[in-house]
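Worksheet: one structure, shown below.
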Amino acid sequence: MISKWGNSLVGKRVLFVCSGNIDRSPTAEALLRQKEGFEVKSAGTWMGARAVVSKELIDWADIIFVMEEHHKEALIRIDQNVEAKTIVLGVDDHYLKGDPELTRILKEKLSETIRISWHSPIVRAFKKSSGSPLWWILDLLLRLARAELHSSESEARSLFRK
């Protein structure tokens, strides 16, 4: 999936659509809400969905991510002009809301499509300078924090000797 929008989605309104608006689209909505610069909503195609997709929601959105092809078909039945701003993510309906595997898949697919990073700006900066003393310091601090959380004080001190 290559983005025709690139980084131009910042400041845009994004709609996620699945069937019942219970698991997949709310998880995707919550993920993208973590990123600054997006207005995000989610809806479902079923009549009993938590929030039912409507012509108003379709018109509101600058881009729409649907989980499966049949969701796109449901949107086209509402508005025949929606196809140009709709992307099928290809996420099957067997995940619960917040499932770590669902989150991983959504991050991967959204990264491919709209080129956003899920790493903090600090981690991105240090990754760019890997091999530098700053990367080494960050790595040491992260190892110390893990050792302190999961081990004894003596093991944490041994990291300084490496």
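A short reminder: the numbers here are calculations on the coordinates, not readings from a lab. Since we're looking at a predicted model, the values are computed, not measured. Every residue, glycine as well, gets a Cβ built from its backbone with ideal geometry; the counts of neighbours run over all protein chains shown.
If you plug each phi of the range 12-20 into the Karplus form 6.51 cos²θ - 1.76 cosθ + 1.60 with θ = phi - 60°, what whole-Hz ³J(HN,Hα) values come out, in order, with x for Gly and Pro?
9, 9, 10, 10, 10, 10, 9, 7, x
If each residue's Cβ is checked for other Cβ atoms within 10 Å, how do Met47, Met67 rank with the fewest at the top?
Going from sparsest to densest Cβ surroundings: Met47, Met67.
Determine the relative contact order of the range 6-114: mean sequence separation of Cα pairs under 8 Å and six or more apart, normalised by residue count, in whole percent. Numbers along the way, then the final one.
Values: 200 pairs, mean separation 31.8, N = 109.
Averaging sequence separation for qualifying contacts and normalising by length gives 29 percent for the range 6-114.
Given charges of +1 on the Cβ of Lys and Arg and -1 on the Cβ of Asp and Glu, with all other atoms neutral, how large is the dipole of the range 6-114 about its Cα centre, in debye to the nearest 20?
Numbers: 15 positive and 18 negative charges, 59 e Å.
With only Lys, Arg, Asp and Glu charged at Cβ, the dipole is about 280 debye.
Among the listed pairs Lys55/Lys107; Lys12/Lys35; Lys55/Lys97, give every one whose C-alpha distance is greater than 22 Å.
Distance filter (> 22 Å) returns Lys55/Lys107; Lys55/Lys97.
With no solvent and one equal point scatterer per Cα, compute the Debye intensity ratio I(q)/I(0) for the range 6-114 at 0.17, 0.21, 0.23 Å⁻¹ and report its log10, rounded to two decimals.
So the normalised log intensities work out to -0.71, -1.12, -1.36.
Scan around Val40 for amide H atoms under 5 Å from its own, H built in the peptide plane at 1.01 Å from N, and keep only partners 5 or more places away or cross-chain.
Under 5 Å from the amide H of Val40: Val14.
Taking the beta-carbon count within 10 Å as an exposure proxy, list Trp118, Trp60 from fewest neighbours to most. Don't jump to the answer; show the numbers that get you there.
On the way: Trp118 16, Trp60 13.
Listing Trp118, Trp60 from fewest to most nearby Cβ atoms yields Trp60, Trp118.
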